[in-house]
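The values are calculated or read from the model by the stated rules, or taken from the named source; none is laboratory data. On a predicted model such as this, the values are computed, not experimentally measured, just so you know. Cβ coordinates were reconstructed from backbone atoms using ideal geometry, including for glycine residues, and neighbour counts include every protein chain displayed.
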Amino acid sequence: MPVHDFKGAGAVPAPDETARSDAAAYKLRGSFLPALYETIRTVKLHPIETAEVRGYLEDLAAAASVIFDLDGAFEMRIRGGLLYLNASRLYVDLENFASFGLVVAALSDAGVAWVRMEKPVGGGEWKTFISEVLRFGAPQPGLEGQEGLEVLRRALVERGVPNIKVGAPGEGETPFSNEVERRRIAKQTYESSVEVTNSLLEGSRMGRSAHLKEMKQAVRSIVDQVLNNEVASVGLATLNNFDQFSFAHTVNVCIFSIAIGRRLGLTKDRLFDLGMAALLHDIGKSRVPLELIMKEGELEEQEQEVLRSHT
């Protein structure tokens, strides 16, 4: 059953109520992201004609329509790895990073950087839109980049969805230099931390002593990034396509631990201690054969015992 009900009692406030409060208006816009996430996720898992999928589509259409009524427009845009809804930035945090990641990935895979609803549409139109985006997100022989996006645009019109427009990266954009720079610094800190973790684990595997100075500097940098730019830090930690997955996992645990510690009100010194513990939580894995760590598929019982021994 759908978990969102944007039309009934206890749902998102009506436009005339939210217009009195910027905070309420932001919450209203932010409610669209989990609605879209749940719909995409359900469409991937269940036949599209089921009652469950129809319920999510109706909720999604209602959420988009309420936002259109509130702002007089509806445009969702990916810019610099961030999501904007009618120029209001949707912040990613520990509560919505899964929604954020799936929505950005689904649109980006199809070459879509922005979605514009020219007038409110129903669940049927959203069903067609999501189906086509997922279809074009899969590899399409002979279709790449702008050419693939043009085919997607035509498919939407031909299938009766002329009022949902899509655009490519860079179309109609103006640079957000400060945010791009902040994200660049966060990415640089992340990659540097992965390299330090790589050196730590590989050094331990070879019997060398750990470089505590480098480790401490890496954790201090992560603490500073989470305190100053949690959105970018947590956003990077949600990506699973980093080449050095095992090392990136350790850094991700460090980032999430510090972000949770921040929400719990820990001091900066305590956040540093927590980050050090998180970065070292898998140090014993350095003594496990690398081929076992990177093995794909299910481990045999004997292999599981070897892996468990690192704790």
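When K7 is tested against the conditions (1) surrounded by 13 or more Cβ atoms within 10 Å (Cβ to Cβ); (2) at pLDDT below 85; (3) assigned by TED's automatic domain parsing to the domain that holds V121, the lone failure is (3).
Anything in the stretch 235-281 that is among the charged types (D, E, K, R) and modelled with pLDDT of 70 or more? List them, or say none.
R262, R263, K268, D269, R270, D273, listed by residue number.
Name every residue in the stretch 87-134 that is basic (K, R), surrounded by fewer than 21 Cβ atoms within 10 Å (Cβ to Cβ) and either assigned by TED's automatic domain parsing to the domain that holds Q225 or in contact (Cβ under 8 Å) with a residue 24 or more places away in the chain (or both), in order of residue number. Listed by number, the residues that qualify are R116, K119. Kindly evaluate V92 against the criterion of being in contact with a Leu (Cβ under 8 Å, 6 or more places away or on another chain) and at pLDDT 80 or above. No. Annotation note: Cβ proximity below 9 Å between a residue of the stretch 213-234 that is at pLDDT 80 or above and of a type in the set (D, E, K, R) and a residue that is surrounded by fewer than 24 Cβ atoms within 10 Å (Cβ to Cβ) and assigned to a helix (DSSP H, G or I) (sequence gap 6+ or interchain) occurs for K216/F272; K216/M276; R220/F272; D224/T189; D224/K268.
Please go through the stretch 82-130 and give me each residue that is β-branched (V, I, T), touching a strand residue (DSSP E or B) at 6+ places or on another chain (Cβ under 8 Å) and in a helix (DSSP H, G or I), ordered by number.
V103, V104
Taking the stretch 44-92 as the range and being within 18 Å of the chain's Cα centre (by Cα) and either basic (K, R) or over 16 Å from V115 (Cα atoms) (or both) as the test, the residues that pass are K44, R77, R79, R89, Y91, V92. Residues that are acidic (D, E) and either touching a Lys or Arg at 6+ places or on another chain (Cβ under 7 Å) or surrounded by 14 or more Cβ atoms within 10 Å (Cβ to Cβ) (or both) within the stretch 25-51 comprise just one, E38.
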